[in-house]
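Before any comments, here is the structure.
The values are calculated or read from the model by the stated rules, or taken from the named source; none is laboratory data. Since the structure is predicted, the reported quantities are computational estimates derived from the model, not experimental observations. Positions of Cβ are backbone-derived with ideal geometry, glycine not excepted, and every protein chain shown enters the neighbour counts.
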Amino acid sequence: MLRLKKTLAMAIITATLGLTSALMSKPTQAVEQTAITVGTGGVTGVYYPTGGAICRLVNRTRKEHGIRCSVESTLGSAYNVNTIRAGKLEFGVVQSDVQYNAYRGEGQFKEVGAYTNLRALFSLHSESFTVVARADANVKEFDDLLGLRVNVGNLGSGQRATTEQLLAIRGQSMSTFALAANLPAAEMSSALCDNRIDAMLYVVGHPSGAIKEATSSCKSNLVNIRGNYVDRLLKQYPYYRRAVIKGGEYNGNPNDIETFGVAATLVTSAETSEEQVYQLVKAVFDNFDAFVRLHPAFVGLVKTDMVKASLTAPLHPGAARFYREAGLLN
């Protein structure tokens, strides 16, 4: 009995000392919590789910790095660049032509000047210059749009900037159209089917919710964008490339459509934390198979192309750091 009492006493003492030691030891330091936002585009386009896919992967490992990622629907590419420049947004999805113009102070950024602090992370899906017209407008080629009511996109959108360049190559301007509407992406399909416009222009990855809505809600057709003027456009601007919208992708459009396009890219500011950029890029590339399954537009993405193609602003150091570690960059 005495031996048992001594054993119990020793156990209590040991437990007490262990508890005291634990209480006196330095607590584990919590990961600092920060928040980042990815600017995208209209909710019916591909930019919004692209931002959602990126944030989903970043947030999976939030406990490890402390970064909470959220998505913001915006007016599009140029808006995203300007908002990043103003320090009100950390990341943004932008067309490759908008990235090019912003860094150099050309095109729609000529008045505000070059944004030399713009930094690239990676390129994403291809985006085609897409024209959808009401069937009763009898539009088969771009020339058929002249004198019609056309939605060219809201100010600050990449689609409007691309349209302006295309018209300039042709020696034309917005006055070519009877109406150059500035509806945002979320409103243009209903405007088309309500007969408030004859056609809508959109630079977008496919399949696109907005194009599906337009081709399913009323009789409409996709329009070929081809000819010498496209050849001149591609020769003058290195960020454009030929594109084909596959037949059968949309209701009532069985044939392939010839056009041109750009690439969606993810950008940030040179002032964005290297660690935040590193963790975002790591989340996407370390979970690449999961990422490409998050949207049909991502099918066919290749890591090496994402790192090197269509990026005209310098790589952010955080992105470059990851690519070197992953063997994607020398």
Among residues of the stretch 39-92 being basic (Lys, Arg) and in contact (Cβ under 8 Å) with a residue 12 or more places away in the chain, the residue farthest from Gly209 (Cα to Cα) is Lys63
Does Leu179 satisfy the criteria of being of a type in the set (A, V, I, L, M), out of contact with any Phe, Trp or Tyr (no Cβ under 9 Å at 6 or more places or on another chain) and over 26 Å from Thr83 (Cβ atoms)?
-> yes
Taking the stretch 214-269 and the residues there that are more than 30 Å from His316 (Cα to Cα) and aromatic (Phe, Trp, Tyr), the one that is surrounded by the fewest Cβ atoms within 10 Å (Cβ to Cβ) would be Tyr229
(message) Scan the stretch 260-278 and tell me whether some residue there is farther than 24 Å from Gly52 by Cα and either assigned to a loop (DSSP other than H, G, I, E, B) or in contact (Cβ under 8 Å) with a residue 12 or more places away in the chain (or both).
(response) yes
Of the conditions (1) at pLDDT 95 or above; (2) more than 14 Å from Ala133 (Cα to Cα); (3) in a helix (DSSP H, G or I), the single one that Thr163 does not satisfy is (1)
Taking the stretch 307-325 and the residues there that are in contact with a Leu (Cβ under 7 Å, 6 or more places away or on another chain) and not in a loop (DSSP other than H, G, I, E, B), the one that is nearest to Lys88 (Cα to Cα) would be Ala319
Inside the stretch 292-306, the number of residues satisfying the requirement of being of a type in the set (Val, Ile, Thr) and assigned to a loop (DSSP other than H, G, I, E, B) is 2
Take Leu301 and tell me if it is crowded, with 20+ Cβ neighbours inside 10 Å, in contact (Cβ under 8 Å) with a residue 24 or more places away in the chain, closer than 21 Å to Gln99 by Cβ and not aromatic (Phe, Trp, Tyr). no
Looking across the stretch 166-187 at residues that are closer than 23 Å to Lys212 by Cα and part of a strand (DSSP E or B), the single one that is nearest to the chain's Cα centre (by Cα) is Ala181
Scanning for something surrounded by fewer than 18 Cβ atoms within 10 Å (Cβ to Cβ) and on the phi > 0 side of the Ramachandran plot, does the stretch 317-330 turn up at least one residue?
yes
Phe285 passes all but one of the listed conditions (1) surrounded by fewer than 22 Cβ atoms within 10 Å (Cβ to Cβ); (2) in contact with a Phe, Trp or Tyr (Cβ under 8 Å, 6 or more places away or on another chain); (3) not in a helix (DSSP H, G or I); the exception is number (3)
Flag for Phe122 being assigned by TED's automatic domain parsing to the domain that holds Leu280 and either buried (at least 20 other Cβ atoms within 10 Å of the Cβ) or aliphatic (A, V, I, L, M) (or both):
yes
Exception for Arg242 within (1) out of contact with any Leu (no Cβ under 8 Å at 6 or more places or on another chain); (2) outside any helix (DSSP H, G or I); (3) among the basic types (Lys, Arg) falls at (1)
Residue pairs within 6 Å by beta carbon, gap of at least six or interchain, first lying in the stretch 165-186 and in the same structural domain as Gly209 (by TED's automatic domain parsing) and farther than 19 Å from Gly41 by Cβ, second part of a loop (DSSP other than H, G, I, E, B) and not β-branched (Val, Ile, Thr), listed first then second, are Leu167/Ser173; Thr176/Leu146; Ala178/Gly147; Ala178/Leu148
Whether any residue in the stretch 249-259 is in contact (Cβ under 8 Å) with a residue 60 or more places away in the chain, in contact with a Cys (Cβ under 9 Å, 6 or more places away or on another chain) and within 16 Å of Ala133 (Cα to Cα) is what I want to check. no
Sole miss for Thr215 among (1) modelled with pLDDT of 95 or more; (2) not in a helix (DSSP H, G or I) is condition (2)
Counted residues in the stretch 195-208 being over 16 Å from Gly153 (Cβ atoms) and either in contact with a helix residue (DSSP H, G or I) (Cβ under 6 Å, 6 or more places away or on another chain) or surrounded by 18 or more Cβ atoms within 10 Å (Cβ to Cβ) (or both) come to 2
Restricted to the stretch 21-61 and to residues being at pLDDT below 95 and among the hydrophobic types (A, V, I, L, M, F, W, C), the residue surrounded by the most Cβ atoms within 10 Å (Cβ to Cβ) is Val46
Subset of the stretch 79-89, residues more than 12 Å from the chain's Cα centre (by Cα) and either surrounded by 24 or more Cβ atoms within 10 Å (Cβ to Cβ) or among the hydroxyl-bearing types (Ser, Thr, Tyr) (or both), comes to Tyr79, Thr83, Ile84
